[in-house]
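First the structure, in the form of structure tokens, and then the observations on it.
The values are calculated or read from the model by the stated rules, or taken from the named source; none is laboratory data. Owing to the predicted nature of the structure, the values given are computational and were not obtained by experimental measurement. Backbone-built Cβ (ideal geometry, glycine too); neighbour counts: all protein chains shown. For the accessible areas, the whole protein counts, side chains as well, though only heavy atoms, and no ligand, DNA or RNA atoms are used. Shrake-Rupley method; radii C 1.70, N 1.55, O 1.52, S 1.80 Å.
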Amino acid sequence: MLKTFSTRLALAGFIAAGAVSAQAADITGAGATFVYPVMSKWSADYSQTTGNKINYQSIGSGGGIAQIKAGTVDFGSSDKPLDSKELAEAGLGQFPSVIGGVVPVVNIKGIEPGKIHFTGPLLADIFLGKITKWNDPQIVAVNAGVTLPDAMITVVHRSDGSGTTFNWVNYLSKVSPEWKSKIGEGTSVQWPVGVGGKGNEGVAAYVKQIPGSIGYVELAYSLQNKMTYGAVQNAAGKFVQPSRESFQAAAASADWKNAKDFFLIITNAPGEASWPIAATNFILMYKQPKDAARSKNALAFFKWALENGKAQAEALDFVPLPDELVKQIEAYWAAEIKA
Amino acid sequence: MSTDQALPAGALGAPADAVARRADADRRADRFFRYLVTGAGLFVLAALTGAALSMLWGGRLAFSTFGFEFLTTTDWDAVGKKFGALVPIYGTLVTALIAMLIAVPVSFGIALFLTEVAPPWLRTPVASAIELLAGIPSIIYGMWGLFVFVPVMSTTVIPFLTEHLGPLPIFGPLFQGPPLGIGMLTAGIVLAIMVIPFISSVMREVFLTVPSRLKESAYALGSTTWEVAWNVVLPYTRSAVIGGIFLGLGRALGETMAVTFVLGNAHHLTASLLMPGNSIAATIANEFSEADSEIYLSSLIALGFLLFIVTFIVLAIAKLMLMRLNRNEGNR
């Protein structure tokens, strides 16, 4: 019963959000805010070359999943992959679209971007509220040569559910047994400490406003807002800087070949150069769509985007998928999606 | 010669069936008009009950799962699927209370100034300026709060409060904590600024309705301006003033955007007013789009229903207070 209610809500939300979608030939999608910049760039360029318009509503991953399940859009998008069971129940197929990364950002006077180092367990303890001062011996231990103040740490997290949060807490769960058992992972969790900002921009604004704060945002936001991001120790024990190269390394080291329906979360990826909190965005589409022509159009768009949209993605600090993975995705389309 | 003129001249002279027809038409028109306005009245009632019932229906899963504990627990755990509404309810009430504590006296002062003290040439421009304030979108207040007011709070006001009020025995715990600048006190102050235009313009309007002879009599007896305001103007306009206050309170309880900017959106229950909290409206606005399980969504809709109930209770208390005041009227 609630299902139909939520479906109707989702529908109403969609109608309100997307009056433009009334134009029939357009391809409609909805979901993660994380990919919105690259989606809108892709769709602008795609409509210039082909005349087909993509109308993407960045309503959040949860919303994207609800929309595609309600059948109101041609594709949904989520930062949290659905497992094969859930996909099969809904008759959906899933494939990655683009890779990005989540970075810790801090507001400590006198510290330059990239100069402060964190380990995974350290981040987990800070976000658990166990480490409360910037000059805590555990932080000092991995930051030789950096002067850390005797100041309170204020944790800033997302107040809304988000794929960014999902990847962040998924990483914390992988590196901290305490986090895994006490908090767990999801698009929103019960934060033990801190203040919540709405959206990446909300977290960025709070971190800028509160001295001694630490938050997490997507790399693009930290670069655009000139925030102090930190280096994080990866699974191989190396401290790496967040960058397209380190995200790329994480994507390349991931084992996509054996991931059924591409169900793979690439946080804490192996490899010396890998960024530990890299994030993949996923596209959800019906395997047997009601309107095959529209799904065909959508697949044509993604084929174009994955093959020809790499420069646009890189310009926005996203990592395009490796060629090998693109080939695997195209084989998946041919085999699974009847459009 | 029209019938209108013929009738008063002598209904006897006019044909009886014409009079009857006229009366019939009048009755029909009257009846139609009554249905129309009754419909308008019932429409409001139907919309209100419809909204309340559909939220109760949408939230039934949360109410049936958590029962009464939904009101008394502080958990808000989307992973463990445990939800309790105490933190948002508390935050909503506390921020609204702070807002009213500030807004009511200030609005009273503004209205009094504009009706009794200010020189006439100043009254109209200031009154229109206040009404303009009421038209500012709440997101503007939120952004102003976060980017301008929060730094002032965290660098000046909060350190002062923690230093001077923090050590006090009973009220102390209300003013302890790190100077984040984001929290319930800040949210309450921003809310106060937002509701002042509503309350003060209602107060000003009703203060203007006080007959001059009442005020002049009081002045003639040697009253000061304050005595006239307190003993003549306020008693005369009391019910309308309280109405205005509750208009502001209703807005403070339901305000969303401005609050979510400066409240901190953290599901923690703390005594300190300087710490971040959450409100019902802010929680719904923040989390609705990503509520990914049925119980989560249901809990948020249940929160919406609770906001209804909280507002209803607050307004009912207001009505009771009014009735009490009116009953005491004769005893004085």
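Which of the residue pairs A:K180/A:K287; A:K80/A:K180; A:K260/A:K296 have a Cα-Cα distance greater than 24 Å in the structure shown? Please report the intermediate quantities before stating the final value.
Numbers: A:K180/A:K287 34 Å; A:K80/A:K180 17 Å; A:K260/A:K296 22 Å.
Over 24 Å Cα-Cα: A:K180/A:K287.
Which residues does a label at B:A316 reach in the range B:84-109, if reach means a backbone N under 20 Å from a point 7 Å past the Cα toward the Cβ?
Flagged as within label range: B:85-86, B:89-90, B:92-94, B:97.
Restricted to Cα positions, what overall size does chain A have along the principal axes? Three whole-Å values, descending.
Taking the Cα atoms of chain A, the three principal extents are 61, 42, 37 Å.
Which one of B:S200, B:S107, B:S154 has the biggest mean-square fluctuation once chain B is modelled by GNM with Cα springs under 10 Å?
Among B:S200, B:S107, B:S154, the largest GNM mean-square fluctuation belongs to B:S154.
If you average the sequence gap of Cα pairs under 8 Å that are 6 or more apart and divide by the length of the range A:241-339, what percent do you get for the contact order? Each step should come with its number before you reach the end.
On the way: 94 pairs, mean separation 29.2, N = 99.
Relative CO of the range A:241-339 lands at 30 percent.
In peptide B:176-182, what is the residue-averaged number of other protein chain Cβ atoms found within 10 Å of each Cβ? Don't skip to the answer; put the middle values down first.
Values: counts 0, 1, 8, 4, 11, 4, 8.
Across the residues of B:176-182, the mean count of other-chain Cβ atoms within 10 Å is 5.
May I ask which residue of B:L273, A:L321, B:S201 lies farthest towards the positive end of the charge dipole of the protein assembly as shown, with charges of +1 (Lys, Arg) and -1 (Asp, Glu) on Cβ and the Cα centre as origin?
Farthest towards the positive pole: B:S201.
Kindly compute the accessible surface that chains A and B hide from a 1.4 Å probe when together, both sides summed, and give it to the nearest 100 Å².
For A against B, buried area totals roughly 2700 Å².
Please report the net charge: other residues with Cβ closer than 15 Å to the Cβ of B:S138, K and R +1, D and E -1.
Cβ neighbours under 15 Å give a net charge of +1.
Please give the net charge around A:L219, taking every other residue with its beta carbon less than 13 angstrom from that of A:L219, where Lys and Arg add +1 and Asp and Glu add -1.
Details: positive: A:K226, A:R244; negative: A:E218, A:E245, A:E314, A:D317.
Once positives and negatives cancel, what remains is -2.
Go through A:283-295, A:32-44, A:71-83, A:117-129 and give me the packing order, highest mean Cβ count within 10 Å leading. Each step should come with its number before you reach the end.
Values: A:283-295: 18.1, A:32-44: 22.4, A:71-83: 24.2, A:117-129: 20.8.
So the peptides A:283-295, A:32-44, A:71-83, A:117-129, ranked by packing, come out A:71-83, A:32-44, A:117-129, A:283-295.
Please report the orientation-averaged projected area of the range B:62-115, defined via the convex hull of its C-alpha atoms, in nm². Mind showing how you got there, number by number?
Numbers: hull surface 20.5 nm².
Average of the hull's projected areas for the range B:62-115 equals 5.1 nm².
Mind scanning A:K290/A:K310; A:K130/A:K174; A:K115/A:K208; A:K130/A:K226; A:K109/A:K226 and naming the pairs with a C-alpha gap bigger than 24 Å? Mind dumping the intermediate values first?
On the way: A:K290/A:K310 31 Å; A:K130/A:K174 18 Å; A:K115/A:K208 17 Å; A:K130/A:K226 28 Å; A:K109/A:K226 14 Å.
Violating the 24 Å limit, Cα to Cα: A:K290/A:K310; A:K130/A:K226.
Looking only at other chains, what is the average number of their beta-carbon atoms within 10 angstrom of each beta-carbon in B:277-290?
Working: counts 1, 2, 0, 0, 0, 3, 2, 0, 3, 10, 10, 7, 14, 19.
Average per residue, whole number: 5.
Using only the alpha-carbon atoms of the protein assembly as shown, report the extent along each of the three principal axes, biggest first, to the nearest angstrom.
Largest to smallest, the principal-axis extents are 101, 75, 50 Å.
If the viscosity is 1.567 mPa s and the temperature 4 °C, what translational diffusion coefficient in µm²/s does Stokes-Einstein give for the range A:200-339 when Rh comes from Kirkwood over Cα pairs?
Working: Rh = 17.0 Å.
My calculation gives 76 µm²/s for D.
Starting from the exponent 0.38 and prefactor 2.2 Å, build the expected Rg for the range A:271-319 from its residue count and divide its actual Cα Rg by it. List each step's numbers first, then the result.
Values: Rg = 14.8 Å, N = 49, 2.2 N^0.38 = 9.7 Å.
Normalised Rg, Cα atoms only: 1.53.
If R0 is 60 Å, what FRET efficiency do you get for B:F147 and B:A220 from their C-beta distance, rounded to 0.05? Mind dumping the intermediate values first?
On the way: r = 52 Å, r/R0 = 0.87.
For R0 = 60 Å, the calculated efficiency reads 0.70.
At what distance in nm do the modelled label points of B:E227 and B:L42 sit from each other, each positioned 7 Å from its Cα along Cα→Cβ?
5.6 nm
Length gain on complete extension for the stretch B:E116 to B:A51, per 0.36 nm per residue less the alpha carbon to alpha carbon distance?
Working: separation 65, 0.36 × 65 = 23.40 nm, distance 4.31 nm.
Value of the extension gain: 19.1 nm.
Any chance you could check the Cα centroid distance between the range B:119-145 and the range A:87-150 for me, in angstrom?
What the calculation gives is 43 Å, centre to centre.
After finding the eigenvalues of the alpha carbon gyration tensor for chain B, what semi-axes result from the square roots of 5 times each, listed largest first in whole Å? Please list the in-between numbers first.
Details: eigenvalues 426, 220, 63 Å².
Each semi-axis is the square root of five times an eigenvalue, giving 46, 33, 18 Å.
For the range B:119-265, report the translational diffusion coefficient in µm²/s to the nearest whole number, using Stokes-Einstein at 25 °C, 0.890 mPa s, and a Kirkwood Rh over Cα pairs.
Details: Rh = 17.8 Å.
Translational diffusion coefficient: 138 µm²/s.
Tally Lys/Arg at +1 and Asp/Glu at -1 over every other residue whose Cβ is under 14 Å from the Cβ of B:L36; what's the total? Don't skip to the answer; put the middle values down first.
Numbers: positive: B:R28, B:R31, B:R34; negative: B:D30.
That sum, taken over residues with Cβ under 14 Å, equals +2.
Can you spot the aspartates and glutamates whose alpha carbon is less than 18 Å from A:K198's alpha carbon? Ignore those fewer than 8 places along the same chain.
In chain and number order, the partners are A:D79, A:D160, A:E218, B:D77, B:E255, B:E287, B:E290, B:D292.
Where the accessible area of chain A is counted over protein heavy atoms with a 1.4 Å probe, how much of it, in %, is carbon and sulfur? Mind showing how you got there, number by number?
Numbers: 7150 of 13080 Å².
Its accessible area is 55 percent carbon and sulfur atoms.
At what distance in nm do the modelled label points of B:T156 and B:A20 sit from each other, each positioned 7 Å from its Cα along Cα→Cβ?
Each label point is offset 7 Å from its Cα along the Cβ direction, giving 8.3 nm.
When every alpha-carbon pair in the range A:115-241 is counted, what percent end up more than 26 Å apart?
Working: 1091 of 8001 pairs.
In whole percent, the share of Cα-Cα pairs in the range A:115-241 beyond 26 Å is 14.
Within 10 Å of each Cβ in B:77-84, how many Cβ atoms from other chains are there, averaged over the peptide? Let's see the in-between values first.
Numbers: counts 7, 8, 10, 6, 1, 1, 1, 0.
Rounded to a whole number, the mean comes out at 4.
At a 1.4 Å probe, what is the % contribution of carbon and sulfur to the accessible area of the range B:217-266?
Details: 1320 of 2050 Å².
Carbon-and-sulfur percentage of accessible area, whole number: 64.
Describe numerically, in nm with one decimal, the distance between label points set 7 Å from Cα along Cα→Cβ at B:L101 and at A:K260.
Label at B:L101, label at A:K260, 5.9 nm between them.
Would you report the distance distribution of C-alpha pairs in the range B:177-332 as whole percents per 5 angstrom bin, up to the bin with the largest distance?
2, 8, 13, 14, 15, 13, 11, 9, 7, 5, 3, 1, 1, 0
Counting DSSP beta bridges with both partners in the protein assembly as shown, what percentage is antiparallel, nearest 5? Don't skip to the end; give the middle numbers.
Numbers: 26 of 40 bridges.
Roughly 65 percent of the beta bridges in the protein assembly as shown run antiparallel, per DSSP.
Stick to Cα atoms and the Kirkwood definition of Rh, then tell me Rg/Rh for the range B:127-213. It would help to have the intermediate numbers written out before the result.
On the way: Rg = 17.3 Å, Rh = 15.1 Å.
My calculation of the ratio gives 1.14.
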